[in-house]
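Only one structure is covered here, and it is reproduced in the block below.
The values are calculated or read from the model by the stated rules, or taken from the named source; none is laboratory data. Quick caveat: nothing in here was measured; it's all calculated off a predicted structure. Using ideal geometry, Cβ is built from the backbone for each residue, glycine included, and neighbour counts are taken over all protein chains shown. Only protein heavy atoms, including side chains, enter the accessible area calculation; ligands, DNA and RNA are left aside. Shrake-Rupley method; radii C 1.70, N 1.55, O 1.52, S 1.80 Å.
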Amino acid sequence: MSGIEVKTMRIMSIAALIVGSVLTLGVTRAQQAGVKRTDLQRHDLGVPGREAIQVRVDLEPGVAFPNHTHPGEEIIYVLAGALEYQIEGKAPVTLKAGGVLFIPAGTVHSARNPGSITRSELATYIVEKGKPLLTHTATGRGV
């Protein structure tokens, strides 16, 4: 290999490491400890600028997902176990498997697994396209 080829290979290797590190950092930030979010589907809607996103959320025992908002509506269906939800201005509600909850756009809310095993929900979002799916209210940071 010539000197130019060696330099080119080194630059490409460094660039790959940097890109890999940045991508890994983004994934780490997106997942809170004890919370596993699995994206199931994402589709544009017939309403311009809106999309539907469906996510499975698994919460480990005792884990709470802190106050946050969404740029659209959230429709929750509890898949397994029981989860506790707190919606701003309302009393906490505990939903068992098969329970449903509607959260209006921009409403501050949180979720918690009060149980001793992992619990799951199916979250369907009807949101503004191009905006972060959720914003933590404590930090104002979108994810």
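Just a few scattered comments:
- Counted charge near Ile126, where neighbours are those whose Cβ lies closer than 11 Å (Asp, Glu -1; Lys, Arg +1): -2
- With K and R counted +1 and D and E -1, the other residues having a Cβ less than 13 Å from that of Gly34 yield a net charge of +2.
- Summed side-chain charge close to Pro104 - residues other than Pro104 whose Cβ falls under 13 Å, Lys, Arg +1, Asp, Glu -1: -2
- Computed accessible area, His136, all protein chains, 1.4 angstrom probe, square angstrom: 30
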